[in-house]
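The values are calculated or read from the model by the stated rules, or taken from the named source; none is laboratory data. All of these numbers come straight from a predicted model, not from anything done at the bench. In this analysis, Cβ positions are derived from the backbone assuming ideal geometry, glycine residues included, and neighbour counts consider all displayed protein chains.
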Amino acid sequence: MRALFTKLLMKSSLHKSLCDFGEKHPAFCLGIHLLLGVCLCLSFQPSYLLIWAVLSLFHNSWRRFLFYQLLALLFFLYAHSTVNTKLNSPSFGTGTFKIHSLSLSHSPFQRSYLYKGDIEINGLKVPCKVYSKMDALRPKADCDYRVEGKLTQKGDDHFIFKPTSWEKIGNTFSFAEMRFQMKESLRAWIKPYFTSSRVHALLSALFTGHLEDVILKHDFGRLGLQHILAISGFHFALIASFFACLFSLFLPQRIASIFLLVLTSLYFLFVGPAPSIMRAWIAISLFLLARIFYLKTTGINVLGVALIIEMALNPQVVKNVGFQLSFLATLAILLLFQPLLQFLRRLFPTPPVYRLSFLAQHRVLIAQLLIQLCALNFSVAVVTFLPLLFLFNKFPLLSLLYNLFVPTWIGLSLLFFLLGLTLLPLFPYLSKWIFALVNVCTDPLLALLSSPPTLLDRTLWVSSLPQDLVVIITVMLLFFGIIKTIRLAKF
């Protein structure tokens with residue numbers, strides 16, 4: 001298969017360009033090789049052969065290609081050592097529970113505390129959830145516990161543990177309790193400043209990464225906007241941009257970058273190490289380190305480093321839906337945004353701004369902004385369309401429209417919320433007016449999301465999709481994006 005690809009590409013300069021792309025983005029190429037090794041460990045799909053053949057085109061020497069294959073084999077073996085064993089029946093016994101996070105969980109019948117972490121019991125080490133009733137005296141999530149109870153498997157990577165006893169393990173520590181208390185304190189601190197409980201719930205979720213309002217979660221999920229609620233690169237970029245502008249007012253760029261690195265790292269500890277959050281934190285940290293030490297980097301290489309680090313910490317993370325969609329959407333933006341933007345600008349050309357009147361200039365600027373939003377939305381939608389259908393068996397068509405303006409609207413609300421939160425300790429009255437403005441501007445958006453147009457509220461449903469078909473089409477779309485990125489870089 002590689003020989004066929006090479007014969008077709010050697011007739012032009014494309015093969016050399018692909019090799020140059022691999023030379024310029026070694027972390028990305030290595031990350032994809034390691035990802036393929038982990039995926040082959042979890043399950044073999046014939047479509048993975050296509051990925052292997054495409055990857056071989058980015059190497060101009062067999063020695064380097066074989067070296068990457070060796071590293072992929074090592075990750076294959078590493079992932080194999082962490083594969084979870086399926087339970088045919090509930091497992092009873094005593095084990096060690098290491099808590100990673102604590103949050104409030106809502107169901108139609110009751111509220112409860114939800115502990116997430118890893119449990120090691122009867123020779124197994126698996127991720128699991130533990131529920132504790134609100135009326136019970138719950139164990140503090142500030143250490144590891146020796147627990148006794150029943151472990152039940154609900155899905156491939158979904159385990160529930162029902163403990164009958166908890167015993168603290170000395171000389172252990174977890175940030176989960178401190179993180180939970182800080183988030184709850186923040187929610188309680190800002191609650192009096194918002195007249196709308198839904199706006200308060202939304203902005204708290206955008207900043208803390210956990211949404212308690214079940215109806216609000218349903219509204220966003222029905223319209224394909226749930227990615228806005230999950231903290232990712234979008235949120236880290238907004239927060240970093242806000243404080244970068246603030247620090248640049250009185251600090252040199254390098255010192256401002258150091259302060260920003262510390263601040264984003266503290267925020268990462270505050271929200272917790274979810275896969276999409278870790279990717280965003282690694283990316284922004286590498287970007288800031290490059291600025292501090294005057295190094296050159298690219299978004300594609302940064303994404304590759306984040307991929308390698310996350311898989312090195314836990315190869316099983318590749319099965320996490322948030323991990324998959326986060327990396328896929330980011331890669332789609334990096335590879336397809338500029339080609340789509342160039343295509344739309346050719347399709348809708350604009351006259352020179354200096355020849356237009358003042359009002360016409362603003363109309364052109366708004367049109368350019370809409371073109372950029374369309375390019376951003378379409379780049380993500382084109383690549384994630386089939387994976388979303390495969391994972392959830394549905395795709396809300398209104399998400400194509402709502403993603404054009406809802407992220408921008410939410411982003412502006414979050415920026416003003418950050419401004420009010422920053423000024424709150426020093427200027428509480430000014431913060432009160434800022435929060436009131438955010439409340440007034442955000443409430444209509446939530447009303448719009450709760451009552452979408454009935455005629456347009458349609459969802460595309462499929463019973464199932466072949467995994468190989470989804471992988472092949474997605475890989476070819478991204479390969480096309482790489483080719484277009486290479487060609488754009490030459491001009």
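Quick look at the values:
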{"quantity": "Breaking point among (1) surrounded by 14 or more Cβ atoms within 10 Å (Cβ to Cβ); (2) out of contact with any His (no Cβ under 8 Å at 6 or more places or on another chain), for Pro349", "calculated": "(1)"}
{"quantity": "In the range 220-236, residue farthest from Gly272 (Cα to Cα) [restricted to those that are in contact (Cβ under 8 Å) with a residue 60 or more places away in the chain and among the hydrophobic types (A, V, I, L, M, F, W, C)]", "calculated": "Leu223"}
{"quantity": "Some residue of the range 307-317 being over 19 Å from Ser232 (Cα atoms), in a helix (DSSP H, G or I) and at pLDDT below 90", "calculated": "yes"}
{"quantity": "Filter pass, Thr152 being farther than 25 Å from Val321 by Cα and either assigned to a strand (DSSP E or B) or β-branched (Val, Ile, Thr) (or both)", "calculated": "no"}
{"quantity": "Set Leu66, Leu50: member being modelled with pLDDT of 85 or more and either crowded, with 17+ Cβ neighbours inside 10 Å or within 28 Å of the chain's Cα centre (by Cα) (or both)", "calculated": "Leu50"}
{"quantity": "Options Gly149, Gly170; residue that is small (Gly, Ala, Ser), farther than 18 Å from Asn122 by Cα and out of contact with any His (no Cβ under 8 Å at 6 or more places or on another chain)", "calculated": "Gly170"}
{"quantity": "Failed item, numbered, when Gly123 is tested on (1) farther than 28 Å from Val214 by Cα; (2) touching a residue at least 12 places away in the same chain (Cβ under 8 Å)", "calculated": "(2)"}
{"quantity": "Some residue of the range 323-331 being within 29 Å of Phe392 (Cα to Cα) and β-branched (Val, Ile, Thr)", "calculated": "yes"}
{"quantity": "Which listed residue, of Leu66, Leu77, Leu30, is of a type outside the set (Phe, Trp, Tyr) and in contact with a Gly (Cβ under 8 Å, 6 or more places away or on another chain)", "calculated": "Leu30"}
{"quantity": "Among the residues listed as Gly224, Gly272, the single one being touching a Leu at 6+ places or on another chain (Cβ under 9 Å), crowded, with 21+ Cβ neighbours inside 10 Å and either within 29 Å of Leu456 (Cβ to Cβ) or not hydrophobic (A, V, I, L, M, F, W, C) (or both)", "calculated": "Gly224"}
{"quantity": "Only one of Lys217, Lys191 that is without any contact (Cβ under 8 Å) to a residue 40 or more places away in the chain, in a helix (DSSP H, G or I), crowded, with 16+ Cβ neighbours inside 10 Å and not aliphatic (A, V, I, L, M)", "calculated": "Lys217"}
{"quantity": "Lone qualifier among Leu426, Leu412, Leu488 - being in contact with a Cys (Cβ under 8 Å, 6 or more places away or on another chain) and surrounded by fewer than 18 Cβ atoms within 10 Å (Cβ to Cβ)", "calculated": "Leu412"}
{"quantity": "Top-ranked residue in the range 296-346 [being buried (at least 17 other Cβ atoms within 10 Å of the Cβ) and of a type in the set (Phe, Trp, Tyr); ranked as nearest to Leu488 (Cα to Cα)]", "calculated": "Phe337"}
{"quantity": "Residue within the range 159-173 that is surrounded by 15 or more Cβ atoms within 10 Å (Cβ to Cβ) and basic (Lys, Arg) present", "calculated": "no"}
{"quantity": "Residue check, Glu212 over 21 Å from Gly411 (Cα atoms) and either surrounded by 13 or more Cβ atoms within 10 Å (Cβ to Cβ) or at pLDDT 90 or above (or both)", "calculated": "no"}
{"quantity": "Members of the range 388-402 that are touching a residue at least 12 places away in the same chain (Cβ under 8 Å) and either among the aromatic types (Phe, Trp, Tyr) or closer than 16 Å to Pro444 by Cα (or both)", "calculated": "Phe390, Phe395, Tyr402"}
{"quantity": "Arg146 being part of a helix (DSSP H, G or I) and charged (D, E, K, R)", "calculated": "no"}
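This table checks each residue for (1) modelled with pLDDT of 85 or more; (2) loosely packed, with under 15 Cβ neighbours inside 10 Å; (3) under 23 Å from Ser81 (Cβ atoms).
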| position | (1), (2), (3) |
| --- | --- |
| Tyr113 | yes, no, no |
| Asp118 | yes, no, yes |
| Asn122 | no, yes, yes |
| Ser132 | yes, no, no |
| Ala141 | yes, no, no |
| Asp144 | yes, no, yes |
| Lys150 | yes, yes, no |
| Lys154 | no, yes, no |
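To keep it simple, each residue is scored yes or no on (1) of a type in the set (Phe, Trp, Tyr); (2) in contact (Cβ under 8 Å) with a residue 60 or more places away in the chain; (3) in the same structural domain as Leu421 (by TED's automatic domain parsing).
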| residue | (1), (2), (3) |
| --- | --- |
| Ala141 | no, no, no |
| Tyr145 | yes, no, no |
| Lys150 | no, yes, no |
| Met182 | no, yes, no |
